[in-house]
Amino acid sequence: MTRYIIRRLLWVVLVLLVVVFVTFVIFFLMPSGDPALRFAGKGAQPQVLETVRHQLGLDRPWYSQYFSFTRNIFLGDQNGWPGLGFSFATRVPLKDILFERMFVTIQLAVGAAVIWLLVGIPIGILSALRPRSLMDRGAMTFALIGISAPVFFLGPLALYIFWYKLGWLPGTGYKPLSSGFGPWLSHFILPWCVLAVLYAAFYARMTRANLMETMGEDYIRTARAKGLSERRVVLKHGLRAGLTPIVTIFGLDLAGLLGGAIITETIFNIPGIGQYTILAVRRLDLYAIMDITLVAAFFVTFANLVVDIVYAFLDPRVRYD
């Protein structure tokens, strides 16, 4: 297991290098405008633009900028480790900005993940144990509605009902936990629920399908023949094997949200990674785009590693030599 983890960690580093390289190539080959023009202003003189390009390092070949960027990531820069560069738009080091916004996105993603797991998996289990019942039909109706309703529809609808009409919750924005648990929770409860609806519906359908398939296996019938209680058969044998595919999906879903929930953060005006992604693209902020891409790629690749390790504990048949 230790050798396997070391090999996968090295593979994570390789994937991150490839992602940064591809992003750099796309940025320089596609006609996306001049970042120096955005920084200096549209009416800047040619001499000023050349000075700005030199200060930003844009007058160097793209491969030189790429190697400088990757070297700073692993060795650090004048702002410490990891060296994430500075914003072309504000000339402010990106490390503090990204870490602050990443913490906000983590709160949004983890809170939504807890809700969709607590809602989706129990609904799927109850639906699988009572197929074609009233409970099953109601659960699958919820799943169909949840999957069909996108976030950009549910978000404004939730704001209209619970903020504008009823006044139960505050509107958009973000309150840190240091301002109090009540204000922090009241600003996050709507984004959590809206973001969790789609995933809860999908996880309910996945759990139902996997558990129904697992409960028909031979070893489940053997466990029942041994006289085990139905509760123990479902929880120890059926659910443990049926949740293995769910772990894979959950790792990728959570990693994707940690890279930025763009639509949700935009609708609710949450200052996270997703909102900063749109701002960086509008500004043609190269280092910010690179750092955000790197953060998203890291979460996805690292989540794959964690999922593979969890497999060995969920399913005794899985072993890594």
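Long-range amide H contacts for Asp77: which residues qualify at under 5 Å (H placed 1.01 Å from N, peptide plane, sequence gap of 5 or more or a different chain)?
Gly83
With every atom except the alpha carbons ignored, what do you get for Rg and Dmax of the range 85-128, in angstroms?
Here Rg and the maximum Cα pair distance are 18.1, 55 Å.
Taking every Cα atom in the range 97-201, find the radius of gyration and the maximum pairwise distance Dmax, and write them in Å.
Over the range 97-201's Cα set, Rg and Dmax evaluate to 15.9, 51 Å.
Using a cut-off of 18 Å between alpha-carbon atoms, which aspartates and glutamates can reach Lys95, once sequence neighbours fewer than 8 places away in the same chain are excluded?
Asp77, Asp285, Asp291
Using the Karplus equation 6.51 cos²θ - 1.76 cosθ + 1.60 (θ = phi - 60°), what ³J(HN,Hα) coupling, rounded to whole Hz, does each residue of the range 258-264 give in order, writing x for Gly and Pro?
5, x, x, 8, 4, 5, 5
I'd like the distance separating the alpha-carbon centroids of the range 178-211 and the range 96-165, in whole Å.
Comparing the Cα centres of the range 178-211 and the range 96-165, I get a distance of 5 Å.
Taking amide H atoms as placed 1.01 Å from N in the peptide plane, list the residues 5 or more away in sequence, or in a different chain, whose amide H sits under 5 Å from that of Phe86.
Leu94
Which three extents, in angstrom, do the Cα atoms of the range 218-274 have along their principal axes, listed largest first?
Extents along the principal axes: 56, 17, 11 Å.
Only loop residues by DSSP count here, and only those with at most 12 other Cβ atoms within 10 Å; note down the trypsin sites (Lys or Arg not before Pro) in the range 103-210 that meet that. Don't skip to the end; give the middle numbers.
Values: sites: Arg132, Arg137, Lys165, Arg205, Arg208; in loops: Arg132.
Passing sites in the range 103-210 are Arg132.
Mind checking the dipole of the range 58-198: about its Cα centre, +1 per Lys or Arg Cβ, -1 per Asp or Glu Cβ, Debye to the nearest 20?
Working: 10 positive and 5 negative charges, 54 e Å.
So the dipole magnitude of the range 58-198 works out to roughly 260 debye.
Sequence-distant or interchain residues sharing an amide H contact under 5 Å with Asn269, placed H: which?
Distant-sequence amide H within range of Asn269: Gly173.
I need the P(r) histogram for the range 170-308: all alpha carbon pairs, bin width 5 Å from 0 out to the longest distance, whole percents.
Over the range 170-308, the share of Cα pairs per 5 Å bin runs 2, 9, 13, 13, 14, 14, 11, 8, 6, 5, 3, 1, 0, 0 percent.
What order, most packed first, do the peptides 253-259, 21-27 have when packing is the mean number of other Cβ atoms within 10 Å of each residue? Write out the running numbers ahead of the final one.
Working: 253-259: 21.3, 21-27: 15.3.
Going from most to least packed, we get 253-259, 21-27.
With +1 on each Lys and Arg Cβ and -1 on each Asp and Glu Cβ, how big is the dipole of the range 1-110 about its Cα centre, in debye rounded to the nearest 20? Don't skip to the answer; put the middle values down first.
Details: 11 positive and 6 negative charges, 69 e Å.
Value, rounded to 20: 340 debye.
Can you give me the pair-distance distribution of the range 133-174, C-alpha pairs, 10 Å bins, whole percents?
That works out to 26, 34, 29, 11, 0, in percent per bin.
Tell me, what is the percent relative contact order of the chain, built from C-alpha pairs under 8 Å that lie six or more residues apart? Mind dumping the intermediate values first?
Working: 386 pairs, mean separation 77.8, N = 321.
For the chain, the relative contact order is 24 percent.
Which value, in Å², gives the accessible area per residue of the range 42-164 when a 1.4 Å probe is used on the protein heavy atoms? If you can, show how the numbers build up before the last one.
Working: 7140 Å² over 123 residues.
It amounts to 58 Å² per residue over the range 42-164.
Residue by residue through the range 116-123, which ³J(HN,Hα) values in whole Hz follow from phi under the Karplus form 6.51 cos²θ - 1.76 cosθ + 1.60 (θ = phi - 60°), with glycine and proline marked x?
After applying 6.51 cos²θ - 1.76 cosθ + 1.60, I find 6, 6, 5, 9, x, 5, x, 5 Hz.
Please name which of Thr264, Asn72, Met215 has its Cα lying farthest along the dipole of the chain towards the positive end, using unit charges on Cβ (Lys, Arg +1; Asp, Glu -1) and the Cα centre as origin.
So the residue furthest toward the plus end is Met215.
Return the sequence-ordered ³J(HN,Hα) values of the range 128-135 in whole Hz as given by the Karplus equation 6.51 cos²θ - 1.76 cosθ + 1.60 applied to θ = phi - 60°, using x for Gly and Pro.
Values, residue by residue: 6, 7, 10, x, 6, 8, 5, 5 Hz.
Hey, what does the equivalent ellipsoid look like for the chain, semi-axes from the Cα gyration tensor as sqrt of 5 times each eigenvalue, largest first, whole Å? Provide the component values of the computation, followed by the final result.
On the way: eigenvalues 385, 144, 46 Å².
Largest first, the chain gives 44, 27, 15 Å.
Compute a Gaussian network model of the chain, connecting alpha carbons closer than 10 Å, and tell me which residue from Gln45, Gln275, Gln65 fluctuates the most.
Fluctuation is largest for Gln45.
If I build a Gaussian network model for the chain, linking alpha-carbon pairs within less than 10 angstrom, which residue out of Gly260, Gly180, Gly80 has the largest mean-square fluctuation?
Maximum among the listed residues: Gly180.
Give me the percent of the accessible area of the chain that comes from carbon and sulfur atoms, probe 1.4 Å, all protein chains in place. It would help to have the intermediate numbers written out before the result.
Details: 11770 of 17370 Å².
C and S fraction of accessible area: 68 percent.
Put a dot 7 Å past each Cα toward the Cβ at Thr248 and Thr2; how far apart are the dots in nm?
So the label points at Thr2 and Thr248 sit 2.9 nm apart.
What is the Cα coordinate range of the range 65-143 on the first, second and third principal axes, sorted by size from largest, in whole angstrom?
63, 23, 18
What ranking, highest mean first, results for peptides 119-125, 298-304 when packing means the other Cβ atoms within 10 Å averaged over each residue? Kindly include the intermediate steps, with their values, before the conclusion.
Values: 119-125: 22.9, 298-304: 19.3.
The most tightly packed comes first, giving 119-125, 298-304.
The values are calculated or read from the model by the stated rules, or taken from the named source; none is laboratory data. This one's a predicted model, so the numbers in the text were calculated from it and none came from an experiment. In this analysis, Cβ positions are derived from the backbone assuming ideal geometry, glycine residues included, and neighbour counts consider all displayed protein chains. Protein only, heavy atoms only, side chains kept; ligands, DNA and RNA dropped before computing areas. Shrake-Rupley method; radii C 1.70, N 1.55, O 1.52, S 1.80 Å.
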